[in-house]
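What follows is calculated from the coordinates using simple rules that are stated; it is not laboratory data. Keep in mind that what you see is a predicted model, and the values were worked out from it rather than measured. Glycine also receives a Cβ, built like all others from the backbone with ideal geometry; neighbour counts cover every protein chain displayed.
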Amino acid sequence: MIRGSCLCGGIQFEYSRAVTPIGMCHCSQCRKVSGAASNAVIVVPEGDLKWLRGEDLRQVYAKPTGWRTTFCRTCGSSVPQLLPTGGAYWVPAGVLDDDPGLRVGGHIFVASRASWDEIAGSAPQFQEALPGRTKR
Ligand SMILES: [Zn+2]
Ligand SMILES: [Zn+2]
């Protein structure tokens, strides 16, 4: 099991299986949410993630476009949220307490990255979403 928690510890979860490497999203919404150059997320099937505490501390903010983020009501940390299609969670890699044993698999929305964002590493870069995926 890989465990994760928010900054205040009010929300804790664990998961048994991730089905993607770490995806780095450089879009403007993810920059706002993370306060950083990009958001780091992995995808975990819904049935493979278990909330250990604080499930009721989760708060959702949705833009009029439908773009959503889920965070801890107490400390503001990003926490796992269900994909719009359901069935799986986006899990913010930065809130994991254990080493997920994953590496960065790719960068998306590179075309809208911040001017000061220097992308390191050799993972593939996509100007927009992955083919066949909608914008997060
Ligand atoms: Zn918290
Ligand atoms: Zn994004």
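If each residue of separation counts as 0.36 nm, what is the full-extension length gain between S28 and D117 once their alpha-carbon separation is subtracted? Walk me through the numbers before you get to the answer.
Working: separation 89, 0.36 × 89 = 32.04 nm, distance 1.20 nm.
Length gained between S28 and D117: 30.8 nm.
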- Query: About the Cα centre of segment 22-136, what is the dipole size in debye to 20, counting +1 per Lys and Arg Cβ and -1 per Asp and Glu Cβ, all else neutral?
  - Reply: 440
- Ordering 2-10, 92-100 by per-residue average of other C-beta atoms within 10 angstrom, highest first, gives 2-10, 92-100
- Task: Sort by residue number and name the cysteines in the chain that have no neighbouring cysteine Cβ under 4.7 Å.
- Result: C27
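Quick check on the chain: what does the Kirkwood estimate of hydrodynamic radius come out to from the alpha carbon pairs, in Å? Intermediate values should be presented prior to the final figure.
Numbers: mean 1/r = 0.0658 Å⁻¹.
So the Kirkwood estimate lands at 15.2 Å.
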- In nanometres, what is the gap between the two model label sites at C8 and Q127, each 7 Å from Cα along Cα-to-Cβ? 4.3
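Can you give me the relative contact order of segment 1-116 as a percent, contacts being Cα pairs under 8 Å and 6 or more apart?
Working: 243 pairs, mean separation 41.3, N = 116.
After rounding, I find 36 percent.
When only Cα pairs under 8 Å and 6 or more residues apart are kept, what is the percent relative contact order across segment 51-92?
Values: 47 pairs, mean separation 10.3, N = 42.
That works out to 24 percent.
Gain in length, T74 to L52, computed as 0.36 nm per residue apart minus the alpha-carbon separation, to one decimal in nm?
Numbers: separation 22, 0.36 × 22 = 7.92 nm, distance 1.66 nm.
That works out to 6.3 nm of additional length.
Nearest 500 deg cm²/dmol is fine: what mean residue ellipticity at 222 nm does the chain get from its DSSP H runs of n ≥ 4 alone, each adding -39,500 (n - 2.57), divided by its residue count? Before the final figure, lay out each step's value.
Working: 1 runs with 7 residues, N = 136.
After summing the helix terms and dividing by the residues of the chain, the value is -1500 deg cm²/dmol.
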